[in-house]
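See below for the structure under consideration.
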Amino acid sequence: MRVIGVETFGGPEVLAVHEVPDPHPGPGEVRIRVRAAAVSPTDTLLRAGGQPVEHLRPPYVPGMDAAGVVDEVGEGSAWRVGDAVMAIALPRGEHGGAYAELLVAPDDSIARLPADTDFATAATLPMNGLTALQVLEVLDLQPEQTLAVTGAAGTLGNYVVELAKHEGLTVIADAAEQDLELVDSLGADHVVARGDDVAERIREFFPDGVDALVDAAVLSEKAAPAVRDGGGFATVRHWTGDPGRGITVHRISVPQEYHSGAKLDRLRRYVEEGVLSLRVAAVLPAADAAEAHRRLEAGGVRGRLVLEF
């Protein structure tokens with residue numbers, strides 16, 4: 001089968017097509033013929049050498065989101081050949097990343113596609129959707145408590161805002177001028193200008209600080225002052241700083257959700273119910289993965305870039 005991966009780390013140009021042996025599912029697993037794989041900042045980090053892969057053999061294959069059709073099942077699998085599914089993948093795990101024609105996945109790492117959703121659109125949901133659920137679970141806010149979201153115009157920020165509003169939270173989110181309409185459409189109660197001074201802008205609405213903040217923009221110590229004493233701060237890049245004032249820093253790790261098929265199915269229902277909105281920025285042939293990485297790293301992409309196999 002073909003995979004898109006790297007043998008040496010570097011810029012987008014190191015991504016190339018490689019031929020590797022076809023994988024086969026073990027007990028309780030399926031093999032997915034991948035039709036679409038979403039491109040995320042985590043993928044560019046792996047490609048550039050920003051993640052440990054010493055335990056793996058090259059080519060190193062990025063991609064944490066896939067959608068496709070089950071074409072082989074292992075013993076005892078609850079899925080059937082022909083099922084259309086979406087999956088979370090672990091590039092540094094046993095089965096590798098999603099930039100592949102064939103992906104082996106445990107039964108509990110996949111879910112059916114949302115109704116009336118194509119493969120490219122469904123591929124934008126698993127990794128960021130599960131991250132958003134984990135964020136809200138660990139922050140454990142109650143209805144009407146306040147949540148700030150940085151990076152709200154990005155895919156993770158989109159999902160956090162929409163899920164938080166579904167849970168009855170009061171949400172304040174940031175946005176650049178060109179993203180104001182998008183972020184407002186997600187249902188945020190207040191929208192402030194993005195930037196290094198976002199904490200000050202949030203405090204203009206909530207002088208005592210918000211109950212918690214999700215730092216999808218990776219502002220770290222610049223965003224933490226927006227949180228009240230004793231509040232919560234969710235970091236998606238494992239910030240190790242200490243904001244003080246009794247604030248709890250929650251280090252979010254979506255690989256912990258690899259076996260969260262039930263949650264992934266909940267996300268499917270949220271899409272079908274209109275709670276979550278999925279956005280595709282562009283669909284490119286898988287062989288053009290380098291171009292997708294260039295576009296993503298250039299900034300300004302709204303919605304997910306998706307590779308089509």
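The values are calculated or read from the model by the stated rules, or taken from the named source; none is laboratory data. In this text the structure is predicted, and so the values were computed from the model without any measurement. All Cβ positions, glycine included, derive from the backbone under ideal geometry; neighbour counts span all protein chains shown. With ligands, DNA and RNA removed, areas are computed over all heavy atoms of the protein, side chains included. Shrake-Rupley method; radii C 1.70, N 1.55, O 1.52, S 1.80 Å.
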Which residue, of PRO52, PRO41, is loosely packed, with under 14 Cβ neighbours inside 10 Å and within 20 Å of the chain's Cα centre (by Cα)?
PRO52
Would you point out which residue out of ASP197, ASP116 is in the same structural domain as VAL85 (by the TED database) and of a type in the set (D, E, K, R)?
ASP116
Filter the stretch 111-136 down to the residues that are β-branched (Val, Ile, Thr) and outside any helix (DSSP H, G or I) and list them by number.
THR117, THR124
If we keep only residues of the stretch 182-215 that are farther than 20 Å from LEU136 by Cα, touching a helix residue (DSSP H, G or I) at 6+ places or on another chain (Cβ under 9 Å) and not hydrophobic (A, V, I, L, M, F, W, C), then the residue surrounded by the fewest Cβ atoms within 10 Å (Cβ to Cβ) is ASP196
One residue is enough: does the stretch 28-36 have a residue meeting the conditions assigned by the TED database to the domain that holds GLY299, free of Cβ contacts under 8 Å to residues at least 60 places away in the same chain and in a loop (DSSP other than H, G, I, E, B)?
no
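So that you can scan it fast, the table gives a plain yes or no per residue for (1) out of contact with any Pro (no Cβ under 8 Å at 6 or more places or on another chain); (2) surrounded by fewer than 19 Cβ atoms within 10 Å (Cβ to Cβ); (3) not assigned by the TED database to the domain that holds GLU13:
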residue: HIS259; (1), (2), (3): no, yes, yes
residue: LEU264; (1), (2), (3): no, no, yes
residue: ARG268; (1), (2), (3): no, no, yes
residue: GLU272; (1), (2), (3): no, yes, yes
residue: LEU284; (1), (2), (3): yes, yes, no
residue: ALA287; (1), (2), (3): yes, yes, no
residue: ALA290; (1), (2), (3): no, yes, no
residue: LEU296; (1), (2), (3): no, no, no
Quick one: would you say GLY168 is open to solvent by less than 20 Å² (accessible area, probe 1.4 Å) and either touching a helix residue (DSSP H, G or I) at 6+ places or on another chain (Cβ under 7 Å) or modelled with pLDDT of 95 or more (or both)?
no
Unique residue being part of a strand (DSSP E or B) and open to solvent by 10 Å² or more (accessible area, probe 1.4 Å) when the list is ASP71, ASP108:
ASP71
Do any strands (runs of 3 or more DSSP E) lying entirely in the stretch 137-226 carry at least 3 residues that are over 24 Å from SER260 (Cα atoms) and without any contact (Cβ under 8 Å) to a residue 40 or more places away in the chain, and which ones are they?
170-175, 190-193
Could you tell me whether any residue of the stretch 227-246 is of a type in the set (Val, Ile, Thr), part of a strand (DSSP E or B) and open to solvent by 30 Å² or more (accessible area, probe 1.4 Å)?
no
